[in-house]
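Remarks on the structure that follows.
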Amino acid sequence: MQRRLNMKYYFIMFILILVIGCDGSDSVEKEIENIPIDMEIIRFDTVFGQANERDLPELKKTYPFFFPKQYHDSIWIKKMKDTLQLQLNDEVLKVFPSNQMLEDDLIALFQHIEYYFPAFETPVVVTLTSDVDYRNKVLLSDNMLMISLDNYLGTNHPFYIGIAKYIAQNMGKHQIVQDVAALYTEKVIVKPTDRTFLSSMVYYGKQLYLKDLWLPNSTESQKLGYTEDEFKWILENETEIWRYFIENEVLYSTDPKLLSRFIYPAPFSKFYLEIDNDSPGSIGKFIGGQIVRSFMERNSVTVQQLMMMEAEDLFIKSKYKPRK
């Protein structure tokens with residue numbers, strides 16, 4: 001009888017914790033939804049795409065930052081008539097016929113950033129094309145956010161033939177908000193003071209934690225840039241990954257090759273083992289995220305304090321252990 005009462009008590013407490021937790025989360029989200037964001041989107045890709053030689057003087061006057069003085073007018077006129085540029089313009093308009101998706105995603109992101117970092121200033125958003133320069137998909141300069149829409153036409157778009165699969169899989173329109181969020185994390189996370197592998201993992205772990213806060217409706221795989229299968233693999237092998245890092249004493253190593261093996265985007269991570277071809281790249285980012293989440297579960301600090309913490313102190317206090 002007593003055991004039955006105890007079980008009933010714990011069940012009720014469990015439900016209460018769930019309800020309170022959900023209410024708290026819902027309350028925060030409702031507060032965030034009410035943050036006013038006055039955002040302007042300039043579709044320079046459309047303006048330039050529909051312009052001709054006669055429009056160039058007015059374009060240069062209106063958008064001087066896109067027409068460096070060292071380039072002769074003939075360069076821009078040639079670009080206006082270029083066959084590839086015309087195709088880019090058409091394809092971008094097919095995928096982004098209006099600003100609705102951009103507005104919805106970016107306003108929600110900016111509301112979340114401002115909630116956690118009140119000094120945030122909403123940027124002017126400018127969309128353009130960049131000849132599929134996927135290494136610079138989003139840029140931020142003087143509070144102007146530039147988004148190259150030709151880098152977000154869809155994973156299997158014909159323009160991306162020849163681009164490595166692990167890169168192209170993050171070239172869909174819903175990746176824009178992920179890339180913009182990552183860009184803004186760089187403005188608030190204090191750069192590491194040392195060059196250890198642990199510091200790099202924790203740095204990107206903080207980035208993932210901010211994405212948890214800023215993009216609550218995104219999946220774990222989306223935040224990491226993985227396919228669902230890649231994310232499933234990394235979850236199933238978390239213990240083995242961590243064991244490898246510990247047994248090979250890489251945490252405090254300053255070997256720069258570790259970054260290309262486990263942090264930077266790549267088709268797979270390089271353990272130099274049979275599992276390499278099955279593994280996704282950037283595994284160190286995932287482990288860093290797990291360390292930071294473990295720390296925040298066990299410690300009471302503000303998000304701003306978290307961004308300033310040294311990696312080693314954070315790691316020790318995280319008491320991180322991979323899930324079994």
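Annotations
- Positive dipole terminus of the chain, leading residue within Met80, Pro68, Gln207 (C-beta point charges): Gln207
- Extension reserve of the Lys30-Lys319 stretch, reckoned as 0.36 nm per residue once the Cα distance is removed: 100.8 nm
- Rounded to whole Å, sorted largest first: equivalent-ellipsoid semi-axes of the chain, Cα gyration tensor: 41, 25, 19
- Here the average projected area of the convex hull drawn through the C-alpha atoms of segment 130-270 stands at 9.5 nm².
- Debye intensity ratio I(q)/I(0), log10, segment 123-201, q values 0.11, 0.27 Å⁻¹ (C-alpha model): -0.36, -1.22
- Cβ-based net charge around Glu121, under 15 Å, with every Lys or Arg adding one and every Asp or Glu removing one: -3
- Charge dipole (Cα centre; +1 on Lys/Arg Cβ, -1 on Asp/Glu Cβ; no other charges) of the chain amounts to roughly 760 debye.
- Each of the peptides 226-234, 149-157, 201-209, 137-145 was scored by the mean count of other Cβ atoms within 10 Å over its residues; in descending order, highest first, they stand as 201-209, 149-157, 226-234, 137-145.
- A simple count of charges around Pro158, restricted to other residues whose Cβ falls under 14 Å of its Cβ and scoring Lys, Arg +1 and Asp, Glu -1, yields -2.
- Summing charges over all other residues whose Cβ lies under 13 Å from the Cβ of Leu251, with Lys and Arg as +1 and Asp and Glu as -1, gives -3.
- Dividing the convex hull volume of the alpha carbon atoms of segment 38-127 by its residue count gives 118 Å³ per residue.
- Applying D = kT/(6 pi eta Rh) to segment 197-318, where Rh is the Kirkwood radius over alpha-carbon pairs, T corresponds to 37 °C and eta to 0.692 mPa s, the Stokes-Einstein value obtained is 224 µm²/s.
- Distance from segment 187-229 to segment 252-324 (C-alpha centre basis), Å: 9
- Note on Asp90 and Ser260: their simple-model spin labels are 4.0 nm apart, each label 7 Å out from Cα toward Cβ.
- Mean ellipticity per residue at 222 nm, deg cm²/dmol - from DSSP H runs of n ≥ 4 across the chain, formula -39500 (n - 2.57): -17000 deg cm²/dmol
- For Lys270, the aspartates and glutamates whose Cα falls under 12 Å of its own Cα, not counting residues fewer than eight places away in the same chain, are Asp278.
- Scanning the chain for long hydrophobic helices, with DSSP H runs required to stretch 30 angstrom or more by C-alpha along their axis and to average at least -0.5 on the Kyte-Doolittle scale, returns 2-33.
- Taking the chain as a Gaussian network of alpha-carbon nodes connected by springs under 10 Å, the highest mean-square fluctuation of the residues Glu238, Glu103, Glu297 belongs to Glu297.
- Pair-distance distribution of segment 41-188: all C-alpha pairs, bin width 5 Å, starting at 0; shares per bin in whole percent are 2, 8, 18, 21, 19, 15, 11, 5, 1, 0.
No lab work stands behind these numbers, since they all come straight from the coordinates. Treat the numbers as computed from the prediction; the structure is a model and nothing was measured. Reconstructed Cβ throughout: ideal geometry from the backbone, glycine too, with neighbour counts over all protein chains shown.
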